[in-house]
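Everything on this sheet refers to the single structure shown next.
The values are calculated or read from the model by the stated rules, or taken from the named source; none is laboratory data. Small disclaimer: the values here were computed from a predicted structure and weren't measured. Reconstructed Cβ throughout: ideal geometry from the backbone, glycine too, with neighbour counts over all protein chains shown.
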Amino acid sequence: MPKNPSETLAREIRERVLLALARNRTPGFHFAGNLLEVVFERIDREASVLSMPAGPHCEEADGHVNVGALALLADSALAGGIRGHIGSDARLATVSMHLQFTGVPARGPLESLGWFEGMQEGTTAPQGLARTAVTAGGRKVLFGSAAFMPIPMPAGRSPLPLHYPDGKPVTPLREEELSERERVILARADAALSEATKRHSFIRLLLGHDPHPTKGGAACSMENGDHVGNRVGHVQGGLLVGLAATTAVAALPASWRLSGISSCFTSPGEGRLLHAVAKVVHHGKQTAVVRTVVTGKGRRRVLQAISTHALGKHD
């Protein structure tokens, strides 16, 4: 029997990891989404509707869902809104994503809706446009928009598999059943669990969103791998936004709240490590602005973000 509640919690989270690895054996989604238990309740030409439960596997110490998990949910709904119109076989590259936070706590089960807003006109490579809203208990946590560029498959190549998790139960894998790649993910989860009580939340340590302050800002080095990859092995777009947002927040005192983030994607999230560097460009009495750049393989720029922050109320 576990000696204390923290051991019980660790076992529960570890079981979720083994469940996510079992779900991940169906190709077409990604481990992070399976761990977060993202479910596609609906996807058609009108809208995409996704749900995601809360819990200790994805919450920060204050009980709010991690911002990277929120961004992943929003990103999935945005892409789903476009795929409902252009077809599920399409591969989409995120061009930009804009998220505005309302201040409503991201607690409890979450729902994310995505709506198709048309194809950009007058360009040689039209981008699909979508908007989203994420709610908790019927209250809007954030709303936003994004642009995606459909990428055609090379001639002679079959479309990549795409799977929409439907929430059906699966049996957790036993450790002796794991492949070498799955063992790497489990080992990373075990390391995050062992550190979570000493420093940050499990999800932040698992994702590698663990920034440190620098002079005039903050920085973070995030390890790439299957635990954060999308269907093609690049870092999932929402998690890249989460990396930028978490690093930007660390550039300011804890009394400041993230109010919005606008991200432009310039290249895929490739490389063994991705580096985020945030610099405070404005620090007023009530608002602040932070610029964050994420680089990857060969110091190539992957994402550039501008975030706005507001001074929080004193309790």
Exercise. Take the range 160-184 and flag every residue that is surrounded by fewer than 16 Cβ atoms within 10 Å (Cβ to Cβ) and among the acidic types (D, E).
Key: D166, E175, E176, E177, E180
Quiz prompt | the range 187-199: number of residues that are surrounded by fewer than 19 Cβ atoms within 10 Å (Cβ to Cβ) and either of a type in the set (G, A, S) or touching a residue at least 60 places away in the same chain (Cβ under 8 Å) (or both) | solution = 5
Quiz item: Within the range 182-199, how many residues turn out to be over 21 Å from the mean Cα position of the chain (by Cα) and under 18 Å from N34 (Cα atoms)?
Solution: 1
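Condition check ((1) within 17 Å of H98 (Cβ to Cβ); (2) buried (at least 24 other Cβ atoms within 10 Å of the Cβ); (3) not aliphatic (A, V, I, L, M)) across all residues:
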| site | (1), (2), (3) |
| --- | --- |
| D226 | no, no, yes |
| A248 | yes, yes, no |
| A251 | no, yes, no |
| G260 | yes, no, yes |
| C264 | yes, no, yes |
| L273 | no, no, no |
| R300 | no, no, yes |
| S307 | yes, yes, yes |
Self-check item: 3 or more residues farther than 25 Å from L36 by Cβ: qualifying strands (runs of 3 or more DSSP E) within the range 201-315
Solution: 212-214, 273-283, 287-295, 301-311
Practice problem: Please verify whether the range 26-37 includes one or more residues that are among the hydroxyl-bearing types (S, T, Y), in contact (Cβ under 8 Å) with a residue 12 or more places away in the chain and farther than 19 Å from E177 by Cα. | Solution: no
Exercise. Might you check whether a residue that is at pLDDT 95 or above and touching a helix residue (DSSP H, G or I) at 6+ places or on another chain (Cβ under 9 Å) occurs anywhere in the range 148-165?
Key: yes
Exercise. Would you please list the contacts, defined by Cβ atoms under 7 Å and residues six or more apart or on different chains, that run from a residue in the range 1-14 that is assigned by TED's automatic domain parsing to the domain that holds A191 and under 15 Å from C58 (Cα atoms) to a residue that is modelled with pLDDT of 90 or more and polar (S, T, N, Q)?
Key: none
Exercise. All but one of (1) out of contact with any helix residue (DSSP H, G or I) (no Cβ under 8 Å at 6 or more places or on another chain); (2) surrounded by fewer than 18 Cβ atoms within 10 Å (Cβ to Cβ) hold for P268, so report the exception by its number.
Key: (2)
Exercise. For H64, state whether it is touching a Pro at 6+ places or on another chain (Cβ under 6 Å), of a type outside the set (D, E) and crowded, with 17+ Cβ neighbours inside 10 Å.
Key: yes
